[in-house]
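Following: one structure in structure tokens, then a few remarks.
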Amino acid sequence: MTLTILGLDIQKTEKLAKDLNVLLANFQVYYQNLRGIHWNIKGKGFFELHAKFEELYNDAQVKVDEVAERILTLGGEPLHTFEDYIANAKVPVGKHISKDEKAVELIVASISELLQLERSLLEKAADASDEGTVAMMSDFISQQEKTIWMMRAWLG
């Protein structure tokens, strides 16, 4: 087995970097969805949701950067074009969403997709003894589980 400078198996690390790029693409689509619903939300819940969506897109922007930097740390190259993001994303794309419930449902669906990717990455990273990626995925998962709970509570 050949090891990286980090002491990780090269083949497993290359696969992790590829999977992290898929996560990155999904986060970028999620981020753009959040920007769109932040800009376009209407109705009596405008002030509450406008602020909440801004909080979520700021958090997503930080996570995008963390994922890209992890890919670089593992020796990969982060995807950086919209073409690559769309080709690799499973998160639903939200268009023309201005209604509060539709916006929150989009967030729940998007985070649910992100969680599936993160759980898979968590398992693969643990198998590769990649504690850095394991810790990142664990943090993301616990934060996003709470966000889904809060969004579902809001939906009633």
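Observations on the structure shown:
- Boolean, residue 72 is modelled with pLDDT of 95 or more, more than 30 Å from residue 45 (Cα to Cα), of a type outside the set (Asp, Glu) and in contact with a Leu (Cβ under 9 Å, 6 or more places away or on another chain): no
- Residue count for segment 23-48, restricted to those that are of a type in the set (A, V, I, L, M, F, W, C) and touching a Gly at 6+ places or on another chain (Cβ under 8 Å): 1
- Consider segment 80-108 and keep the residues that are hydroxyl-bearing (Ser, Thr, Tyr) and in contact with a helix residue (DSSP H, G or I) (Cβ under 7 Å, 6 or more places away or on another chain). The one that is nearest to residue 52 (Cα to Cα) is 98.
- Of all residues making up segment 116-156, the number that are among the polar types (S, T, N, Q), in a helix (DSSP H, G or I) and surrounded by fewer than 16 Cβ atoms within 10 Å (Cβ to Cβ): 5
- Qualifying residue in segment 22-44 (condition: over 20 Å from residue 81 (Cα atoms), surrounded by fewer than 19 Cβ atoms within 10 Å (Cβ to Cβ), of a type in the set (A, V, I, L, M) and modelled with pLDDT of 95 or more): no
- Flag for residue 8 being in contact (Cβ under 8 Å) with a residue 40 or more places away in the chain and of a type outside the set (Asp, Glu): yes
The values are calculated or read from the model by the stated rules, or taken from the named source; none is laboratory data. Bear in mind the structure is a predicted one, so any value in this text is a computation, not a measurement. Every residue, glycine as well, gets a Cβ built from its backbone with ideal geometry; the counts of neighbours run over all protein chains shown.
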